[in-house]
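Visitor: Once you've had a glance at the structure underneath, I'll fire off some questions.
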Amino acid sequence: MTIRTEIKDGVALVTLDRPERHNAIDLDTAAELAATWRAFRFDDAVRAAVVTGAGGRAFCTGIDRSVDVPQPPSPYSLDDPLLRIGPKANDLWKPVIAAVDGMACGGAFYLLGEAEFLIASENATFFDPHTTYGMVSAYESIAMAQRMPYGEIARLALMGTAERLGASRAYETGLVSELTAPGAAAEVALRRAAVLAAQPTGPVQGTVRALWAAREAARTQALAHAPQLIALGNLPPDQQARLFAARTRRGDRDEGPEGGPPVS
């Protein structure tokens, strides 16, 4: 199991538990995340949730680079194992808080984009390595463009590994709603989730759905273009691998030993 789940007093703590991989997501982890959110839909003991990463060095660093995801030949379709890892993708309308310690990059944005709000420790950093490795940042940028001012997400997505968004700047731009001491993000998030869990369930979930509806139309239209943009803009896989290998040889291991940009 690569996902740990603890439920107490109406709050579920969901922990990505692959610290040796900087909590990069392989296919098993992606399936476990999706199954966890689906199970919460039917569990009245869960009224709010917190999602975080184990180890303190990373919240999540995207998809594990060892994952092989065969792709269909059509540029109008794309198999992306991270598209179903978030709570909204699994029709869960109970509030979810993301607690970020350390790095959050690339595929981590699938989870951050579907949380109600983010709490981050002062040592948190956010970045998107896609362009550096010859890949289009489509799904990730779409998710984060709904959480950040356009200029901020454009800078983050276009500059690749050269750009690091620190916790203080993330707070200033509104991506993060609260800063904590290093290592305390999950603890603080659990306290906030306890407040959410104590509110009447129906009104809370209805409010989550209303907030999501306010941005859903634009998001749906944008996502419809993502597969074609990726198919047209991505470098061939062998060129992507060479770019990643070159940075690895220089010792620039931004994403940890296996984490890196997802297939999108």
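FYI, it's all coordinate maths here, none of it is from the lab. Source: prediction; values computed, not measured. Here the Cβ is made from the backbone with ideal geometry for all residues, glycine too, and neighbour counts use every protein chain on show.
Visitor: Evaluate the relative contact order of the chain (contact order divided by residue number), counting alpha-carbon pairs under 8 angstrom at least 6 apart; express in whole percent.
Guide: Details: 543 pairs, mean separation 65.9, N = 264.
In percent, rounded to a whole number, it is 25.
Visitor: Quick test of the membrane-span-like rule: which DSSP H helices of the chain reach at least 15 Å along their long axis (C-alpha atoms) with mean Kyte hydropathy at least 0.0? Mind dumping the intermediate values first?
Guide: Working: long enough: 27-41 (22 Å, 0.07); 185-198 (20 Å, 1.15); 201-233 (44 Å, 0.19); 237-249 (18 Å, -1.10).
What comes out of the filter, once short or polar helices are dropped, is 27-41, 185-198, 201-233.
Visitor: Next question, about the same structure. What is the sum of charges, Lys and Arg at +1 and Asp and Glu at -1, for the other residues whose Cβ falls under 13 Å from the Cβ of Gly134?
Guide: Working: positive: Arg242, Arg247; negative: Asp238.
Taking every other residue near Gly134 into account, the sum is +1.
Visitor: Now, a different point. Cβ under 9 Å from Leu13's Cβ, Leu13 left aside: what net charge do those residues give with Lys, Arg +1 and Asp, Glu -1?
Guide: Working: positive: Arg4, Lys8; negative: Glu6.
Net charge in that neighbourhood comes out at +1.
Visitor: Only one of the values [x] 1.00; [y] 0.95; [z] 0.97 was calculated from this structure for Rg/Rh (Cα atoms, Kirkwood Rh); name its label.
Guide: Of the listed options [x] 1.00; [y] 0.95; [z] 0.97, [y] comes from this structure.
Visitor: Sticking with this structure for a sec: Where in the chain lies the longest segment free of chymotrypsin sites (Phe, Trp or Tyr not before Pro) that are both loop residues by DSSP (not H, G, I, E, B) and have at most 13 other Cβ atoms within 10 Å? Could the numbers behind the result be given before it?
Guide: Numbers: sites that count: Phe42, Tyr76.
By the stated rule (loop sites, at most 13 other Cβ atoms within 10 Å), 77-264.
Visitor: Using helices alone, what [θ] at 222 nm do you get for the chain, with -39,500 (n - 2.57) per DSSP H run of 4 or more residues, divided over all residues and rounded to the nearest 500?
Guide: Numbers: 8 runs with 103 residues, N = 264.
After summing the helix terms and dividing by residue count, I get -12500 deg cm²/dmol.
Visitor: Whole Å is fine, so just give me how far the alpha carbon centre of region 184-230 lies from that of region 51-123.
Guide: 14 Å
Visitor: Also, I was wondering about something else. Taking only Cα atoms and a 10 Å spring cutoff, compute GNM fluctuations for the chain and point out the largest among Gly56, Gly183, Gly233.
Guide: Fluctuation is largest for Gly233.
Visitor: If you take the beta carbon distance between Ser66 and Met159 as r and set R0 to 22 Å, what does 1/(1 + (r/R0)^6) give as a FRET efficiency, to the nearest 0.05?
Guide: The value I calculate is 0.25.
Visitor: Quick one: if you stick a label point 7 Å off each Cα along the C-beta vector at Ile7 and Gln146, how many nm between them?
Guide: Those two pseudo-labels are separated by 2.7 nm.
Visitor: A further question follows. Under a Cβ-only charge scheme (Lys and Arg +1, Asp and Glu -1), can you give me the dipole magnitude of the chain about the Cα centre, in debye to the nearest 20? Intermediate results must be reported in sequence, preceding the final value.
Guide: Details: 26 positive and 31 negative charges, 65 e Å.
Dipole size: approximately 320 debye.
Visitor: Subtract the Cα-Cα distance of Arg242 and Gln228 from 0.36 nm times their separation in residues, and report this length gain in nm to one decimal. Before the final figure, lay out the partial values.
Guide: On the way: separation 14, 0.36 × 14 = 5.04 nm, distance 2.34 nm.
Full extension of this stretch gives 2.7 nm more.
Visitor: Along the charge dipole of region 170-218, which of Thr173, Gly183, Val204 sits closest to the positive end, that is, farthest toward it, with unit charges on the beta carbon of Lys, Arg, Asp and Glu (+1, +1, -1, -1)?
Guide: Val204
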